[in-house]
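Structure, as structure tokens:
Please treat every number below as a calculation from the coordinates, not as lab data. Please read these numbers as outputs of a predicted model, since none were measured by experiment. Glycine gets a Cβ as well: all are built from the backbone with ideal geometry, and neighbour counts include every protein chain shown.
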Amino acid sequence: MDAWVPQLLSSRWTERQEAVSESELVIRTLYEITSDYRHGFEHQIRRLLNLGCRRYDMEVGVLGRVAGQTFKIVHHVGAPRFGLEDGMQFELESTLCGLTVRAGGPVGFEHLARSPAAEHPSVAQGGVEAYIAVPLMVDEVLWGTLSFMSLEPRPRRYSMADVDSLQLMASWVSTEIMRRHAEAALREAKRKLEHVSRTDPLTGLVNRRALEDLLEDSRTRPDARLVAVLVDADDFKAINENFGHAGGDAVLQAIADRVRGQVRGGDVVGRIGGDEFMVLLSGAPLDAAADVAERIRIAVSASPVMTPVGPCTPRISLGVVPVQEGAATVTEILKIASDVLKESKVNGKNQVCVARVH
């Protein structure tokens, strides 16, 4: 049994026995199924499996995935008495699909109990009698199998038209899987590109562009109330001079992490550029925002940052300003906040200043 490899169906007959009208019907139905994307891939697969069951007079149709020595049922249709469920996994060699994989092409049995595969577990234990299947190749790599089976022997032999129909169905499934893989890869590439275009590479915070988009969105929502907190690292030029640019980067990363640790999940922390950061607090009154800013100030200077040269304790100045409804941009906020920050710088730095509301 172990030495027996099933013979490819394509080599079992030299004469074509197909009825042209029957083949045309399969092609038309397959086209109807594969051109209808309204209900999704799973719906299309189930319709295709039902088509195959009717075409071969079989009880069950299975789309299976092969991963190493494991066979997994991805989708199936057919008789409940088989006891199959989507997601079931089996050792590949215990399934008839293992024979299909070994054959490397379409295989079929009209009466398994009278075939060289009679002792196979699916026959001896499962009672499968009729079977037809083909491997599925995606990008020239084995992906799985498309198979149809029944507990009753098949009264007529498979024809070349049967084989052609099976390969046509398998070809569409393989093509559709490749298309879905390509679409998923494209979506992931777009997601990564969008993420990169909106993220500061040093700190992982959103960048100025992303902050501008958030402010633009807030202008379309009259009920959106935002308070901006501008964070400016004190004496950062001296940090770069004393600790090097690598040390300066480490300090900026630490400031970003410590600021992020003091805000709520719905608030946004971004790096505007250089040693400046901006926090957008949603729905916070000005006095509450000032309290958040004070917590941020304390957290940033609570402990030194280890740099390649040695420890450095950062200090920051913060300006708290309300975002003007319907008019704010990062540039406008920076203009107001910078004026507020001057108070902190003049008064010795490392403190929070709040804009005066008129």
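Data table
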| quantity | calculated |
| --- | --- |
| Highest average packing first - 187-198, 242-253, Cβ atoms within 10 Å | 242-253, 187-198 |
| Mean residue ellipticity (222 nm) of the chain, computed from DSSP H runs ≥ 4 via -39,500 (n - 2.57), nearest 500 | -14000 deg cm²/dmol |
| For segment 273-358: span of alpha carbons on each principal axis (Å, largest first) | 46, 25, 24 |
| Separation of the Asp249 and Gln324 label points, Cα + 7 Å toward Cβ, nm | 3.9 nm |
| Amide H partners (placed H, <5 Å) of Asp234, local residues excluded | Arg315, Ile316, Ser317 |
| Rounded to 5, the percent of DSSP beta bridges in the chain classed as antiparallel | 95 percent |
| ³J(HN,Hα) computed for each position of segment 62-74 - Karplus, 6.51 cos²θ - 1.76 cosθ + 1.60, integer Hz, glycine/proline x | 9, 9, x, 10, 10, 9, x, 9, 10, 10, 10, 6, 8 |
| Dimensionless Rg ratio for the chain, taking C-alpha atoms and the 2.2 N^0.38 Å reference | 1.63 |
| Amide H within-cut-off set for Glu276, under 5 Å, with H built and near neighbours excluded | none |
| Alpha-carbon centroids, segment 52-101 and segment 244-269: separation in whole Å | 53 Å |
| Length-normalised contact order of segment 9-189 in % [C-alpha pairs under 8 Å, at least 6 apart] | 23 percent |
| Modelled FRET efficiency - R0 22 Å, Asp36 with Glu85, Cβ distances, 0.05 increments | 0.30 |
